[in-house]
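Student: Have a look at this one before I ask anything.
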Amino acid sequence: MKKKSKVVSYNKWGYIFLIPFVVIYLVFQMIPLFSTIYNSFFENYRSGLKQIGPNFVGLQNFATIITNGDLPTYLKNTLIMWILGFVPQILLSLLLGAWFTDPSLRLKAQGFFKTVIYLPNLIMASAFAMLFFTLFSNSGPINSILVQIGFLKEPYQFMSHIWSVRGLVAFMNCLMWFGNTTILLMAGMMGIDPSLFEAAQVDGATATQIFYKVTLPLLKPILIYVMITSLIGGLQMFDVPQILTNGTGDPMRSSMTLIMYLNKHLFSKNFGLGGALSVFMFIITGILSLIVFKFTTGEDKD
């Protein structure tokens, strides 16, 4: 009995130290979550100076979001820009991670280069977007250089073409996040038992074969984590396209993302539709998280 009471007395300190986290989590996460779900079932918006609602409408807001035709378009825009940014990001991060963790290369000044590749992640996305907006404007430095060297006869309107805007958004996201992805992949590579690489070399495997047959399979959990977290971040893409296109998503709404769509509802005080769209995105995030959980637990059982 004494031993049991002693364990309980120690355990209580763990719960006490968890109190600040639980309080912050409830105040800033759970209460807003339930408030958003609650608002999604109500008609609640402002028409001019007149406030409409809140009036209970059930699932009407969800039906409106799904059937008005905008959701598939903005979801497609978001996924296209995420894919355009994620594919080069993961390839570049894998390459840099393999270089930095390969002891046979004996790279010098690794600390400096690791710091440099991570620096873009520390810059605010809004500042990044403003910088690229200035660089690629009609009279910006990029157009001036291209015209002066004779590559272009006249300035190219980057902000007026669908794929140039999407490409800029994707390039900025890649540039901002590849450093963080590189650090994560390097941590996974450095956690691999060196004896596995030595055994592969003894068996005559080349560096390329070792990377594909040893490194990548053992990096699978980290790669899945990076892919899912990047996808969730991609679904929440907002500040870069918002500032780059001045909130319009032009040209022809081709760079309008789901969060920009949500922001329009919140800006117009349409809390019902905004809540419904937020719940929709929460469900998508939950489904992706469940897929990752099931996949990793299945691997552990094997």
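Student: Amide H of F42: which non-local residues (sequence gap of 5 or more, or other chain) have their own amide H closer than 5 Å, using H built in the peptide plane?
Tutor: Distant-sequence amide H within range of F42: V57.
Student: Nearest 0.05, what FRET efficiency do L95 and S195 give at R0 = 30 Å with Cβ-Cβ as r?
Tutor: Values: r = 24 Å, r/R0 = 0.81.
FRET efficiency, L95 to S195: 0.80.
Student: Then there is this: When the helix-only estimate is applied to the chain (DSSP H runs of n ≥ 4, each -39,500 (n - 2.57), divided by the residue count), what is the mean residue ellipticity at 222 nm, nearest 500 deg cm²/dmol? Intermediate values should be presented prior to the final figure.
Tutor: Values: 14 runs with 206 residues, N = 302.
The per-residue figure over the chain is -22000 deg cm²/dmol.
Student: Evaluate the relative contact order of the stretch 208-299 (contact order divided by residue number), counting alpha-carbon pairs under 8 angstrom at least 6 apart; express in whole percent.
Tutor: The value is 25 percent.
Student: Still on this structure, please answer the following. Counting only heavy atoms of the protein chains, get the accessible area per residue of the stretch 73-131 (1.4 Å probe) and round it to a whole Å² value.
Tutor: Numbers: 3480 Å² over 59 residues.
For the stretch 73-131, the solvent-accessible area averages 59 Å² per residue.
Student: Test of understanding: what is the full-extension gain from L131 to K153, defined as 0.36 nm times their sequence separation minus their Cα-Cα distance?
Tutor: 5.5 nm
Student: What list of ³J(HN,Hα) couplings, whole Hz, do you get for the stretch 228-233 from phi and the Karplus terms 6.51, -1.76, 1.60, once you set θ to phi - 60° and write x for glycine and proline?
Tutor: For the stretch 228-233, the Karplus-derived couplings read 5, 5, 5, 5, 5, x Hz, x marking Gly and Pro.
Student: Measuring with a 1.4 Å probe in the full set of protein chains, what accessible area per residue, in whole Å², belongs to the stretch 223-302? Don't jump to the answer; show the numbers that get you there.
Tutor: Values: 4100 Å² over 80 residues.
Per residue, the stretch 223-302 has 51 Å² of solvent-accessible surface.
Student: Oh, and also: With every protein chain left in place, what is the accessible area per residue of the stretch 10-69 in square angstrom, probe 1.4 Å?
Tutor: Accessible area per residue: 79 Å².
Student: Related question: Just the number, please: carbon plus sulfur as a percent of the accessible area of the stretch 134-209, 1.4 Å probe, no ligands or DNA/RNA counted.
Tutor: C and S fraction of accessible area: 63 percent.
Student: Work out, step by step, the length gained on full extension between T285 and V27: first 0.36 nm times the residue separation, then minus their alpha carbon distance; give nm to one decimal. If you can, show how the numbers build up before the last one.
Tutor: On the way: separation 258, 0.36 × 258 = 92.88 nm, distance 2.07 nm.
Extending this stretch completely gives an extra 90.8 nm.
Student: I've got another one for you. Given contacts defined as C-alpha pairs under 8 Å and at least six residues apart, what's the relative contact order of the chain, whole-number percent?
Tutor: Dividing the mean separation by the residue count of the chain yields 29 percent.
Student: Another one. Please list, in order along the stretch 34-48, the HN-Hα scalar couplings obtained from phi with the Karplus expression 6.51 cos²θ - 1.76 cosθ + 1.60 (θ = phi - 60°), rounded to whole Hz, x for Gly and Pro.
Tutor: So the Karplus estimates, Gly and Pro as x, are 5, 5, 5, 4, 4, 5, 5, 9, 10, 7, 8, 8, 10, 10, x Hz.
The values are calculated or read from the model by the stated rules, or taken from the named source; none is laboratory data. Being a predicted model, the structure only gives us computed values, none of them experimental. Reconstructed Cβ throughout: ideal geometry from the backbone, glycine too, with neighbour counts over all protein chains shown. Note: accessible area is taken over every heavy atom of the protein model, side chains too, but ligands, DNA and RNA are not part of it. Shrake-Rupley method; radii C 1.70, N 1.55, O 1.52, S 1.80 Å.
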